[in-house]
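Take a look at the structure set out below.
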Amino acid sequence: MSRNEFDLSELDDFTVQLLDLAQRQTPRETRKFLQSEGTKLRRYTASIARKEVKKRTGNYIKGIKRGKVYLYQGDTLSIRVYNSSPHAHLIEDGHRQVTKSGKVVGFVRGHRVFQKAHKGYEDKFFSACEDFVDELLDKGLK
């Protein structure tokens, strides 16, 4: 290995071990952190929905909800934000515009609110995770 190359695999292993230790020793704090971040993402998604979706009839914005913390694929804690409204997929993905007689007259494009919220909140979430890990290190993982 030359002087200009760095082997960061040990650092990656340390990060994985640290997160595993945080999940085993402080599961309540980890769950609380994920719930608060899920709530922040829900608020952020609703604000984007208010900007993007101009039609105010219906319950699209009221249907944006935060789920519970769960184990994703058996080993990773996760939380999700979703929309429980029955017409949410039409606003999100788009739909055909049909007259009362059944004739297709056009296509309404989807607003992709959740995709935009995911992209916009990603950096904020990573910085919050770094702060959470720093806070755990400061406490000493006791």
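No lab work stands behind these numbers, since they all come straight from the coordinates. All values derive from a computational prediction rather than experimental measurement. So basically every Cβ, Gly included, is an ideal-geometry build from the backbone, and we count neighbours across all protein chains shown.
Per-structure values
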{"read-out": "All lysines inside 25 Å of Lys68 as judged from Cα atoms, apart from same-chain residues fewer than 8 positions distant", "value": "Lys32, Lys40, Lys116, Lys119, Lys124"}
{"read-out": "Rg and Dmax of the chain, Cα atoms only, in Å", "value": "20.9, 74"}
{"read-out": "Given charges at beta-carbon only (K, R positive; D, E negative), |dipole| of the range 55-128 in Debye", "value": "480"}
{"read-out": "Gained length - Asp13 relative to Ser36, 0.36 nm times residue gap less alpha-carbon distance", "value": "5.6 nm"}
{"read-out": "The range 18-142 - percent relative contact order, Cα under 8 Å, separation 6 or more", "value": "24"}
